[in-house]
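The structure appears right after this line, and notes come after that.
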Amino acid sequence: MLRAHPGTRRSVLGSLFNSIFHMLRFDSGHRIPVNRRTVQLIVCGESYSTNLDICLLSEIDHDFFIHLIVEEDYSHNFREVELVAKAIAAAQANNAARWNQGLPRKDMLIPAMMMNGMQPAFYRIPVSLELADGVMGGNYPAHETIIQRCTTYSEKKNLYDPEFRKLAFKHFLLFRDVVNSVMDH
């Protein structure tokens, strides 16, 4: 079996998602897909850089807002903890941009996708101010955070199979509605 170099896989998956975003109109309006976006995650008062494999951004008055994150999982074990940490970093960045524009910080729902090989999973990750501030200050939040996940399942299990591709694209279309529903900053 021929295996691609990880850098090649990233560029192939980035191209795939750029095509999917364009074809399914994820990138409508002022949103643009961006590969390898670096954002800061503040944990216990310390700032750490993290890379979002792919994200949808919009720019308003020189501030960028992250509307969707997509992560690739080459280990095939769904690194959901990292995905949640990146969603918290995205919410922290979005709230910093809101603050820069004179808007109040707010709870956010960060839509996310994880590609486990060629099998997508879709997430709705709520990041409350309590959670974001707790991570920044090193305090445990008083309220539980519940993350929703939807996986596509088929015997074929990857986008190479036309039947699975139809099922996956139905999920992508439904998830586009989730992304559109959280578009207000």
When you scan the stretch 108-120, do you find a residue that is over 17 Å from residue 175 (Cβ atoms), in contact with a Leu (Cβ under 6 Å, 6 or more places away or on another chain) and part of a loop (DSSP other than H, G, I, E, B), even just one? no
Note: among 96, 142, just one is farther than 30 Å from residue 167 by Cβ, over 16 Å from the mean Cα position of the chain (by Cα) and part of a loop (DSSP other than H, G, I, E, B), namely 142
Looking only at the stretch 129-140, decide whether some residue is open to solvent by less than 90 Å² (accessible area, probe 1.4 Å), farther than 15 Å from residue 108 by Cβ, among the charged types (D, E, K, R) and modelled with pLDDT of 80 or more. no
Taking the residues in the stretch 93-118 that are touching a helix residue (DSSP H, G or I) at 6+ places or on another chain (Cβ under 8 Å) and not hydrophobic (A, V, I, L, M, F, W, C) as candidates, determine which candidate is surrounded by the most Cβ atoms within 10 Å (Cβ to Cβ). 111
Filter result (in contact (Cβ under 8 Å) with a residue 40 or more places away in the chain and acidic (Asp, Glu)) within the stretch 41-57: 53
Give all pairs with beta carbons closer than 9 Å in which a residue from the stretch 96-116 that is over 21 Å from residue 152 (Cβ atoms) meets a residue that is open to solvent by 50 Å² or more (accessible area, probe 1.4 Å) and among the β-branched types (Val, Ile, Thr); count only pairs at least 6 apart in sequence or on separate chains. 97/60; 101/60
Checking residue 44 against (1) surrounded by fewer than 13 Cβ atoms within 10 Å (Cβ to Cβ); (2) at pLDDT below 75, which single condition isn't satisfied? (2)
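The values are calculated or read from the model by the stated rules, or taken from the named source; none is laboratory data. Since the model is a prediction, treat every value here as computed from it, not as a measurement. Positions of Cβ are generated from backbone atoms using ideal geometry, with glycine treated the same way; all protein chains shown enter the neighbour counts. Side chains included, ligands, DNA and RNA excluded: accessible areas come from the protein's heavy atoms. Shrake-Rupley method; radii C 1.70, N 1.55, O 1.52, S 1.80 Å.
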